[in-house]
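Here's the structure, in structure tokens; my notes come after.
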Amino acid sequence: KQEVTQIPAALSVPEGENLVLNCSFTDSAIYNLQWFRQDPGKGLTSLLLIQSSQREQTSGRLNASLDKSSGRSTLYIAASQPGDSATYLCAVRPGNDYKLSFGAGTTVTVRA
Amino acid sequence: EPEVTQTPSHQVTQMGQEVILRCVPISNHLYFYWYRQILGQKVEFLVSFYNNEISEKSEIFDDQFSVERPDGSNFTLKIRSTKLEDSAMYFCASRGNGDYEQYFGPGTRLTVT
């Protein structure tokens with residue numbers, strides 16, 4: 001059974017600092033990995049999707065890397081802003097079906 | 001941009017009552033999913049649905065749960081007799097044929113009292 005772990009569980013940084021969020025998964029036979037943002041009490045906003053054949057994906061200030069063999073992904077957020085405060089979830093899609101396995105998330109607070 | 005919608009945004013019900021959560025997937029999508037997130041816990045897969053039948057379901061999805069596509073646009077999750085532990089945010093997602101990505105709706109917060 002796929003287990004997805006996110007470390008740290010919470011992170012507080014001053015505005016302008018770069019953020020590094022980690023995700024690890026136990027079964028490397030994945031099809032893709034997705035990063036989501038969740039604001040308190042709200043839905044899931046997809047940020048980046050990395051296919052298993054890719055090493056990284058970038059969107060604006062966001063960059064996600066994937067090392068499938070070691071079961072790790074990292075989300076980098078450059079020059080953080082207070083508006084980046086949210087919970088960030090990673091989710092893994094296995095190679096043989098479509099159900100996503102989610103991590104518990106990293107809750108980020110960016111202090112002005 | 002097309003999006004998945006869900007109604008209601010918040011539903012309060014008494015224990016033992018039936019609830020139906022509604023989702024309108026993106027119009028040309030063929031694959032549908034329900035997930036739930038109990039407060040403070042991980043998002044968990046419940047069920048996937050394709051071609052008018054369940055493709056896969058988790059251990060959580062017991063006989064109290066059912067899904068239906070009653071018409072060409074809606075996708076529903078029914079809980080027959082709600083329990084306190086069914087209180088959670090329920091997310092619907094849909095995917096097009098050949099798509100890599102599931103697109104999530106904004107969720108329905110279900111509170112069982």
**Message:** Compute and list, largest first, the equivalent-ellipsoid semi-axes of the protein assembly as shown from the alpha carbon gyration tensor, each √(5λ) rounded to a whole angstrom.
**Reply:** 30, 20, 16
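Only loop residues by DSSP count here, and only those with at most 10 other Cβ atoms within 10 Å; note down the GluC sites (Glu not before Pro) in the stretch B:1-88 that meet that.
Details: sites: B:GLU3, B:GLU18, B:GLU44, B:GLU53, B:GLU56, B:GLU59, B:GLU68, B:GLU85; in loops: B:GLU3, B:GLU18, B:GLU59.
Counting only loop positions with at most 10 other Cβ atoms within 10 Å, the GluC sites (Glu not before Pro) in the stretch B:1-88 are B:GLU59.
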**Item:** Reduced Cα scattering model of chain A, Debye log10 I(q)/I(0), q = 0.10, 0.14, 0.18, 0.23 Å⁻¹
**Value:** -0.26, -0.51, -0.83, -1.29
**Request:** Please find, in a Gaussian network model of chain A (springs between Cα atoms separated by less than 10 Å), the residue of A:SER73, A:SER59, A:SER101 whose mean-square fluctuation is greatest.
**Result:** A:SER59
**Asked** Got a sec? Which residues in the stretch B:23-65 would a label at B:THR5 touch, if it sits 7 Å along Cα→Cβ and we count backbone N under 15 Å?
**Response** B:23-28
**Asked** Which residue fluctuates the most in chain B, going by a Gaussian network model with Cα springs under 10 Å, if the choices are B:ASP99, B:ASP71, B:ASP62?
**Response** B:ASP71
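Can you pull the semi-axes for the stretch A:18-71, root of five times each eigenvalue of the Cα gyration tensor, sorted largest first, whole Å?
Numbers: eigenvalues 82, 37, 23 Å².
Square roots of five times the eigenvalues give 20, 14, 11 Å.
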**Prompt:** Can you give me the pair-distance distribution of chain B, C-alpha pairs, 10 Å bins, whole percents?
**Reply:** 15, 51, 30, 5, 0
**Request:** Could I have the simple spin-label model distance between A:ALA9 and A:ASN63, label points 7 Å from Cα toward Cβ, reported in nm to one decimal?
**Result:** 3.0 nm
**Message:** Per residue of the stretch B:17-29, what does 6.51 cos²θ - 1.76 cosθ + 1.60 with θ = phi - 60° give for ³J(HN,Hα)? Whole Hz please, x for Gly and Pro, Karplus curve as stated.
**Reply:** 7, 8, 10, 10, 9, 10, 9, 10, x, 5, 4, 9, 7
**Request:** Using DSSP to define loop residues, name the chymotrypsin sites (Phe, Trp or Tyr not before Pro) in the stretch B:9-113 whose beta-carbon has at most 15 other beta-carbon atoms within 10 Å.
**Result:** B:TYR100
**Request:** Return the sequence-ordered ³J(HN,Hα) values of the stretch B:46-55 in whole Hz as given by the Karplus equation 6.51 cos²θ - 1.76 cosθ + 1.60 applied to θ = phi - 60°, using x for Gly and Pro.
**Result:** 9, 7, 10, 9, 8, 6, 6, 8, 6, 8
**Asked** Just B:SER48, B:SER73, B:SER87 to compare: in a GNM of chain B, with alpha carbon springs under 10 Å, which one fluctuates most?
**Response** B:SER73
**Complete:** Exposed-loop cut sites defined as trypsin sites (Lys or Arg not before Pro) in DSSP loop states with at most 13 other Cβ within 10 angstrom; longest site-free run of chain A spans A:56-112
**Message:** Taking the Kirkwood radius as the inverse of the mean 1/r across Cα pairs, report the Rg/Rh of the stretch A:54-112.
**Reply:** 1.02
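For the stretch B:30-83, count all C-alpha to C-alpha pairs, find those more than 15 Å apart, and express that count as a whole percent of the total.
Details: 692 of 1431 pairs.
Here the tail beyond 15 Å accounts for 48 percent of pairs.
Rule-based calculations on the coordinates, nothing more; no lab input. Only a predicted model underlies this, so the values are computations on that prediction, with no experimental measurement involved. All Cβ positions, glycine included, derive from the backbone under ideal geometry; neighbour counts span all protein chains shown.
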